[in-house]
Amino acid sequence: METKRIAAERAVEYIEDGMVVGLGTGSTAYWAIQKIGARVKEGLRIKALATSIESEAMAEALGIPIIPFAELSGPIDLTIDGADEVDSISNLIKGGGGALLREKIVAKASDRMIVIVDQSKLVTHLGDFPLPVEVVPFGNELTVRHLIGLGCEPVIRMKGEERFLTDNGNYIADCAFGRIMEPGRLEMQLNGIPGVVDNGLFVQMASKVIVGYDNGEVGEL
Ligand code: 5RP
C-alpha cells in the first residue's frame, strides 16, 4: 500500500553505514525491509536483528546480514517498526501481527525507534484497537479472568480453527478496553498478572513517528 511504503522508505533514509538495525514486523515494516535490502545490494553495510521469524526470513532472502543477540555488544542503533495505533504523544499499541514481545525486546534495546504508519493509525487516545496481550498457554483461562478484572473484554486470537500461536509459542488475548487514559499504568498492571508475558502498549518508546498520508505527503512527528 502506497501510504505505508512512503513512510517506510523515508525511515530507511535514517540508516547509515555501520549501524545495527532492528527490523520490525507487519505490512509497513515489509516495505522498510524491502528498501533496506535494496540499499544493501547497493553497498550499505549494516547488521540487523529481526522482531519475527517472518521478518528474519525476508531479510535473509534479501541479503541483509542478520546477527544473533549474542553478537550484540552495545545497543541497537535504530529500529524501524509499524504500529496499530499512535496517540497524540506517540504512545503506541502494537501486536496486531502478534510479534509484540520480540518487538518490545528489540525496541527496548534500541537507541532510537522510528515508527512507520499510514495516517489511519493516528488517534487522540489509544484503545479503539483491541490491545494484544501475550499470555502463556498454561492456565490461560485464569489469566483471561484476571484480564477481565482490569476492565476489558479479552478474546483469544484464532487462526482458522486453531488458536494463533506467537513465535514464542504463546497465545494472544485481544483485549477491548475502550479508551485507555493511562497507558503507562495499564502496561504495568497487565504485566503484573501471572501468565501475561507482555502487552502491546509501547509507552514513550518511539523516538520519531513517520506518517504516510493519502495525498502522498510524508510527515514526521
Ligand atoms: C506486529 C505489529 C505491527 O507493527 C502492527 O500490527 C502494524 O502492522 P501493519 O504495518 O501491517 O499495519 O505490531 O506485531
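Criterion first (farther than 22 Å from L221 by Cα and away from the ligand (no atom under 15 Å from the Cβ)) does L62 satisfy it? Taking the combined requirement at face value, the residue satisfies it. Could you list, in sequence order, all residues of the range 13-33 that are within 16 Å of the ligand (Cβ to nearest atom) and either surrounded by fewer than 18 Cβ atoms within 10 Å (Cβ to Cβ) or of a type in the set (S, T, Y) (or both)? The answer is T25, S27, T28, Y30. If the condition is being within 9 Å of the chain's Cα centre (by Cα) and among the basic types (K, R), then the range 79-116 contributes K94, R102, K104. The condition of being farther than 17 Å from A11 by Cβ, among the small types (G, A, S) and either touching a Cys at 6+ places or on another chain (Cβ under 6 Å) or outside the structural domain of R39 (by TED's automatic domain parsing) (or both) holds for only one of G74, G149, that being G149. Every listed requirement among (1) farther than 27 Å from E217 by Cα; (2) within 16 Å of the ligand (Cβ to nearest atom) is met by A70 save one, (2). Among the numbered conditions (1) out of contact with any strand residue (DSSP E or B) (no Cβ under 8 Å at 6 or more places or on another chain); (2) under 18 Å from D81 (Cβ atoms); (3) of a type outside the set (D, E), the only one that L201 does not meet is (1). The set of residues from the range 94-111 being among the aliphatic types (A, V, I, L, M) and near the ligand (Cβ under 8 Å from one of its atoms) comprises A99, L100.
Within the range 132-146, the set of residues being in a loop (DSSP other than H, G, I, E, B) and under 23 Å from the mean Cα position of the chain (by Cα) comprises V136, P137. Answer yes or no as to whether F129 is surrounded by fewer than 24 Cβ atoms within 10 Å (Cβ to Cβ), near the ligand (Cβ under 10 Å from one of its atoms), in a loop (DSSP other than H, G, I, E, B) and hydrophobic (A, V, I, L, M, F, W, C). So F129 fits the description; yes. Residues in the range 157-188 that are among the small types (G, A, S), touching a residue at least 12 places away in the same chain (Cβ under 8 Å) and out of contact with any Asp or Glu (no Cβ under 7 Å at 6 or more places or on another chain) were compared, and the one that is nearest to M205 (Cα to Cα) is G184. Residues being under 21 Å from G127 (Cα atoms) and free of Cβ contacts under 8 Å to residues at least 60 places away in the same chain are entirely absent from the range 195-210.
Selection of the range 136-155 for residues being surrounded by fewer than 16 Cβ atoms within 10 Å (Cβ to Cβ) and either touching a helix residue (DSSP H, G or I) at 6+ places or on another chain (Cβ under 7 Å) or closer than 18 Å to L100 by Cβ (or both) yields V136, P137, L150, V155.
The values are calculated or read from the model by the stated rules, or taken from the named source; none is laboratory data. Only a predicted model underlies this, so the values are computations on that prediction, with no experimental measurement involved. Please note: Cβ atoms are built from the backbone with ideal geometry, for glycine as well, and neighbour counts cover all protein chains shown.
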